[in-house]
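Structure first, then comments.
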Amino acid sequence: MSNAWIGSWLFVIGSFLFTGDASIDAFETCSFRAVVRLLACLLFTVGYFLLMPQAQLE
């Protein structure tokens with residue numbers, strides 16, 4: 001396992017945490033800004049997960 005692979009997974013986990021926070025905010029306030037923030041977090045998390053580097057087998 002390389003440092004880049006570990007760092008990528010930590011980044012994805014952090015993105016999931018921000019997405020969770022945005023979803024709680026969107027359901028509590030139900031404002032346009034909160035929904036846009038939730039959508040942005042979801043797109044960012046899914047996009048990064050799809051572009052995450054594959055683990056290199058040595």
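The values are calculated or read from the model by the stated rules, or taken from the named source; none is laboratory data. These numbers were taken from a predicted model, which means no experiment stands behind them. For accessibility, only protein heavy atoms count, side chains too; no ligands or nucleic acids. Shrake-Rupley method; radii C 1.70, N 1.55, O 1.52, S 1.80 Å.
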Working from Cα positions, state the angle (0 to 90°, nearest 10) between the long axis of helix 32-51 and the longest principal axis of the chain. 10
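Ignoring ligands, DNA and RNA, what percent of the 1.4 Å accessible area of the chain is carbon and sulfur?
So the carbon and sulfur contribution to the accessible surface is 73 percent.
Could you report the chain's accessible area per residue, 1.4 Å probe, as an integer in Å²? Can you show the working numbers first?
Values: 4780 Å² over 58 residues.
Ligands and nucleic acids excluded, the result is 82 Å² per residue.
Just the Kirkwood number for the stretch 1-49, please: inverse of mean 1/r across all distinct Cα pairs, in Å, one decimal. Don't skip to the answer; put the middle values down first.
Working: mean 1/r = 0.0886 Å⁻¹.
Taking the inverse mean of 1/r over all distinct Cα pairs, the stretch 1-49 comes out at 11.3 Å.
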Report, in degrees rounded to the nearest 10, the 0 to 90 angle that the Cα long axis of helix 3-29 makes with the longest principal axis of the chain. 10
